[in-house]
Amino acid sequence: MQNLISMNLSPADLQEVDAALETLRRVLAPMVALETQQRRELFKMGDKSEAFCRQTLAVLAANPQIVPPNLGLAEAQADLAALDALRPRVLQLQQLAERADDSMLALGSDLMSVSLEGYGLLKVSRRSGALKTARRALSARFMRGARGEETEEEAPAT
């Protein structure tokens with residue numbers, strides 16, 4: 001029997017999660033959602049570009065006499081500070097999202113494992129008339145069209 005995960009979230013746990021998510025939505029409301037075309041058209045900042053940007057901002061800050069007021073240096077410095085503050089938190093969110101995805105996959109797999117074994121038991125106990133209707137309803141999961149006809153496909157071995 002497979003049991004990759006055992007998880008029981010109480011109503012209080014779920015309320016805490018929902019409150020935390022609402023707090024994140026509120027605090028992170030200034031974040032943007034870009035369209036695909038916008039993403040394609042934007043300059044991308046990789047590791048080398050980031051070093052270039054940091055050095056350029058430092059040189060400009062050290063030499064304010066060459067910086068025209070319309071360049072937006074103060075805004076760029078604020079953007080860099082926001083990036084530095086946001087990056088480690090986004091990393092934690094990504095790791096948490098990956099664990100959530102893995103947990104949902106494991107929960108689904110555990111459910112499928114037990115359900116397939118249970119379905120196998122229903123198929124073996126064909127003699128019971130009371131289970132015949134339930135078995136037929138469940139067998140729809142394994143139905144596929146064969147030249148317009150539906151035939152029952154064997155469930156995977158458990």
Count - residues of the stretch 116-132 that are closer than 15 Å to Gln2 by Cβ and open to solvent by 70 Å² or more (accessible area, probe 1.4 Å): 1
Quick one: what pairs do we get from the stretch 98-122, first residue over 16 Å from Asn8 (Cβ atoms), second in a helix (DSSP H, G or I), C-beta under 7 Å, 6+ apart or different chains? Tyr119/Leu138; Leu122/Leu131; Leu122/Ala134; Leu122/Arg135; Leu122/Leu138
So, in the stretch 5-28, exactly how many residues are open to solvent by 70 Å² or more (accessible area, probe 1.4 Å) and in a loop (DSSP other than H, G, I, E, B)? 4
The listed residue being touching a residue at least 60 places away in the same chain (Cβ under 8 Å) and open to solvent by less than 90 Å² (accessible area, probe 1.4 Å), out of Gln2, Gln77, Gln38: Gln2
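Tell me the residue from Leu111, Leu83 that is open to solvent by 90 Å² or more (accessible area, probe 1.4 Å) and at pLDDT 95 or above, please. Write out each step before concluding.
Numbers: Leu83 fails: open to solvent by 90 Å² or more (accessible area, probe 1.4 Å).
Unique residue meeting the criteria: Leu111.
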All but one of (1) within 20 Å of the chain's Cα centre (by Cα); (2) in a helix (DSSP H, G or I); (3) over 30 Å from Gly120 (Cβ atoms) hold for Ala78; state the number of the condition that does not hold. (1)
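Output the residue which, of all residues in the stretch 60-74 that are among the aliphatic types (A, V, I, L, M) and surrounded by 10 or more Cβ atoms within 10 Å (Cβ to Cβ), is nearest to Leu28 (Cα to Cα).
So in the stretch 60-74, the residues among the aliphatic types (A, V, I, L, M) come out as 60-62, 66-67, 71, 73-74.
Imposing the further condition that a residue be surrounded by 10 or more Cβ atoms within 10 Å (Cβ to Cβ) reduces the set to 60-61, 67, 71, 73-74.
Working: Leu60: 29, Ala61: 28, Val67: 31, Leu71: 26, Leu73: 23, Ala74: 21 Å.
The residue in question is Ala74.
The values are calculated or read from the model by the stated rules, or taken from the named source; none is laboratory data. Bear in mind the structure is a predicted one, so any value in this text is a computation, not a measurement. Every residue, glycine as well, gets a Cβ built from its backbone with ideal geometry; the counts of neighbours run over all protein chains shown. Surface accessibility is based on the protein's heavy atoms, side chains included, excluding ligands, DNA and RNA. Shrake-Rupley method; radii C 1.70, N 1.55, O 1.52, S 1.80 Å.
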